[in-house]
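Notes follow once the structure below has been shown.
Throughout, read-outs are computed from the coordinates displayed, never taken from laboratory work. Note that this is a predicted model, so its numbers are computed, not measured. Note that each Cβ is placed from the backbone with ideal geometry, even for glycine, and that neighbours are counted across all protein chains shown.
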Amino acid sequence: MADAADDAQLLLEAHLARSIAAARAPIPAGVAGECGECGEDMPRLVHGRCGFCRDGRKRRALT
Ligand SMILES: [Zn+2]
């Protein structure tokens with residue numbers, strides 16, 4: 001019969017497997033160019049959008 005420690009161990013193993021799978025996913029290299037969303041010239045676009053637009057962050061204004 002499974003007790004709480006067994007349940008915790010199963011949960012931990014499942015979480016670890018998901019984390020490893022996520023870490024193994026290839027990170028797109030990206031290309032330089034103009035962001036399709038904010039129009040800024042960025043050194044790295046993935047699927048035509050810069051990191052700020054992809055993450056939903058506001059680009060910090062340059063002083
Ligand atoms: Zn952008």
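Could you work out how far helix 4-24 tilts from the main Cα principal axis of the chain, as a 0 to 90 degree angle to the nearest 10?
With rounding to tens, the tilt is 30 degrees.
Let me know the charge dipole size of the chain about its Cα centre in debye, to the nearest 20, where only the beta-carbon of Lys, Arg (+1) and Asp, Glu (-1) is charged.
Approximately 480 debye in magnitude.
Calculate, in whole percent, how much of the Cα-Cα pair population of segment 4-55 lies beyond 16 Å.
Every Cα pair in segment 4-55 considered, those over 16 Å come to 57 percent.
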